[in-house]
1. Name the residue, out of R90, R144, that is among the charged types (D, E, K, R), under 21 Å from L33 (Cβ atoms) and in contact with a helix residue (DSSP H, G or I) (Cβ under 7 Å, 6 or more places away or on another chain).
2. Out of (1) in a loop (DSSP other than H, G, I, E, B); (2) closer than 23 Å to M118 by Cα; (3) basic (K, R); (4) out of contact with any strand residue (DSSP E or B) (no Cβ under 6 Å at 6 or more places or on another chain), the odd one out for R36 is which?
3. Taking segment 29-44 as the region of interest, how many residues are more than 13 Å from the chain's Cα centre (by Cα), under 16 Å from L154 (Cα atoms) and crowded, with 17+ Cβ neighbours inside 10 Å?
4. Condition check: touching a strand residue (DSSP E or B) at 6+ places or on another chain (Cβ under 9 Å) and either exposed (fewer than 14 other Cβ atoms within 10 Å of the Cβ) or touching a residue at least 12 places away in the same chain (Cβ under 8 Å) (or both). Does R48 satisfy that?
5. Mind checking which residues of segment 74-87 are in contact with a helix residue (DSSP H, G or I) (Cβ under 9 Å, 6 or more places away or on another chain) and modelled with pLDDT under 95?
6. Does segment 62-74 contain at least one residue that is exposed (fewer than 15 other Cβ atoms within 10 Å of the Cβ), among the charged types (D, E, K, R) and either in a loop (DSSP other than H, G, I, E, B) or touching a Phe, Trp or Tyr at 6+ places or on another chain (Cβ under 7 Å) (or both)?
7. Write out, first by first residue and then by second, each pair whose Cβ atoms fall under 9 Å of each other, whose residues are 6+ apart or on separate chains, and whose first residue, in segment 52-73, is farther than 16 Å from G93 by Cβ and modelled with pLDDT of 95 or more while the second is acidic (D, E) and crowded, with 23+ Cβ neighbours inside 10 Å.
8. Taking the criterion of being surrounded by fewer than 15 Cβ atoms within 10 Å (Cβ to Cβ) and hydroxyl-bearing (S, T, Y), would at least one residue in segment 126-136 satisfy it?
Amino acid sequence: MSLASRLATDEDAEAIRAIYNVEVLESTVTFDLVPRSLHDQLAWQQQRSGAHAVVVAVDDSGVAGFGSLSPYKERAAYSTTVEDSVYVARDAGGQGIGTALLQRLVEIAVASGFHAVMARIEASSDASRALHARCGFELVGVERQVGRKFNRWLDVAVMQRLL
């Protein structure tokens, strides 16, 4: 398998949307409740550029995953911190795609002069927590019952990597 990562383009929006919407509809890895339309996906991508990038991992069959850096909080004092998100197509798991994406996002964060990267992970998502730990993130706290999806209260594990 050949794998490359690059900045996402508008042409990647449908593939990104397809990966994301499966998680919206079938899992708790995202707290979104409504699938994205193509218009919504394009708008989301266009809001992220430069240091707040969207990256795709592309293998022989196309886009196999994506990741992004987003502002952590709106207030100015948080401007040196970003939050990451990583999603891998269900049929592409276990191939190192998530690790490649997260490592690329950390590289972008370092090059952009950020000081910290935060990850807010549904606490029972062992795979995502392990991915972040492999990439140097540490658990810094758990927010109890802050989300609700599929008639369940959900905790959020907060992980952090200082750069």
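The values are calculated or read from the model by the stated rules, or taken from the named source; none is laboratory data. Remember, it's a predicted structure, so these values are computed and weren't measured experimentally. Quick reminder, even Gly has a Cβ in these numbers, built from the backbone with ideal geometry, and neighbours come from all protein chains shown.
1. Numbers: R144 fails: in contact with a helix residue (DSSP H, G or I) (Cβ under 7 Å, 6 or more places away or on another chain).
Among R90, R144, only R90 is among the charged types (D, E, K, R), under 21 Å from L33 (Cβ atoms) and in contact with a helix residue (DSSP H, G or I) (Cβ under 7 Å, 6 or more places away or on another chain).
2. The one condition R36 does not meet is (2).
3. 0
4. Working: touching a strand residue (DSSP E or B) at 6+ places or on another chain (Cβ under 9 Å): yes; either exposed (fewer than 14 other Cβ atoms within 10 Å of the Cβ) or touching a residue at least 12 places away in the same chain (Cβ under 8 Å) (or both): yes.
Judged against the criteria, R48 is a match.
5. none
6. yes
7. Pairs found: S68/D84; L69/D84; S70/D84.
8. Residues of segment 126-136 that are surrounded by fewer than 15 Cβ atoms within 10 Å (Cβ to Cβ), as a first pass: 126-127, 130, 133-134.
Filter once more, keeping what is hydroxyl-bearing (S, T, Y): none.
No - not one qualifying residue is present in segment 126-136.
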